[in-house]
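These notes are about the structure you will find just below.
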Amino acid sequence: MFSTRTIALIGALVTGTATVAHAQVADTGPQPTAAPGGADEAFHKGTLGFAFPFTLLSNVAGSVTGLVERVPTVDVVYFLSDKAAVDLVVGLNFHREQVVDAMGNPVDSNLFGFALGAGYRMYSSKNNLRSFIEPELVLNWADTSNSATFGINAGAALGLERNLTPWFSISGAVGGALNFTNSFKDIQLATSANLAANLYWR
């Protein structure tokens with residue numbers, strides 16, 4: 001049998017060990033927490049992103065340029081806050097080809113076109129599925145050698161954006177626009193729809 005002194009010594013050792021262990025845990029400071037990783041992580045001031053349309057169903061400017069190729073565009077998005085972003089629309093198209101003239105001679109042909117515009121995107125929620133509205137104005141010149149292909153698109157779109165990861169999302173939008181070309185002699189009002197993949201980082 002253990003004596004009273006032995007039992008007291010064991011109790012003191014156990015108590016001291018527990019106290020030291022508790023002090024070590026307390027001295028380590030705040031424990032690491034998991035990264036936010038929320039769906040709204042990218043939607044803050046200073047976030048930059050690119051939107052790449054992979055399905056384009058828009059018929060705006062589709063027929064008014066005739067046989068001239070349409071300029072593909074990419075959206076560069078910069079967030080001003082968690083509910084607003086500036087959307088810069090840019091696009092370039094250079095096409096070199098060889099065609100045969102009326103005399104049967106091969107002729108080299110170069111086509112250069114560009115698009116430049118801006119929109120203001122306004123988000124209405126912070127949920128994983130966000131809705132937004134965006135008015136937009138875009139200048140496009142499908143063939144810089146032909147002034148008739150210069151056009152101005154003024155429109156607006158209503159869309160939804162769904163995050164697959166905090167920094168990657170899929171968005172879709174429908175809307176309408178007025179398109180003016182050929183020195184404002186050709187005017188077209190049409191609906192539009194597009195689907196895009198969006199990449200964000202800070």
Conditions first: (1) out of contact with any Leu (no Cβ under 9 Å at 6 or more places or on another chain); (2) surrounded by 15 or more Cβ atoms within 10 Å (Cβ to Cβ). ASN153 passes all but one, so which condition is the exception? (1)
Which numbered condition LEU111 misses (of (1) surrounded by 12 or more Cβ atoms within 10 Å (Cβ to Cβ); (2) of a type outside the set (Asp, Glu); (3) closer than 17 Å to LEU160 by Cβ): (3)
Select, from GLY119, GLY113, GLY155, GLY151, the only residue that is in a strand (DSSP E or B) and under 16 Å from the mean Cα position of the chain (by Cα). GLY119
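Condition first: within 24 Å of GLU69 (Cβ to Cβ), charged (D, E, K, R) and part of a strand (DSSP E or B). Can you find one or more residues in the range 88-100 that meet it? Spell out the reasoning first.
From the range 88-100, those within 24 Å of GLU69 (Cβ to Cβ) are 88-100; that's our starting set.
Next cut, charged (D, E, K, R) only: 96-97.
After this cut, where a residue has to be part of a strand (DSSP E or B) as well, the list is 96-97.
Yes, the conditions are met somewhere in the range 88-100.
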Looking at (1) out of contact with any Ser or Thr (no Cβ under 7 Å at 6 or more places or on another chain); (2) modelled with pLDDT of 85 or more; (3) crowded, with 17+ Cβ neighbours inside 10 Å; (4) not hydroxyl-bearing (Ser, Thr, Tyr), which is the one condition that is false for ARG70? (2)
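Can you pull out the residues in the range 120-163 that are of a type outside the set (A, V, I, L, M, F, W, C) and touching a helix residue (DSSP H, G or I) at 6+ places or on another chain (Cβ under 9 Å)? Show your work before the answer.
Of all residues in the range 120-163, those of a type outside the set (A, V, I, L, M, F, W, C) come to 120-121, 123-128, 130-131, 134-136, 140, 143-147, 149, 151, 153, 155, 159, 161-163.
Within the range 120-163, ASN140, ASP143 qualify.
The values are calculated or read from the model by the stated rules, or taken from the named source; none is laboratory data. The model shown is predicted, which means the values in this text are computed figures rather than measured ones. Virtual Cβ from ideal backbone geometry, glycine too; neighbours counted across all protein chains shown.
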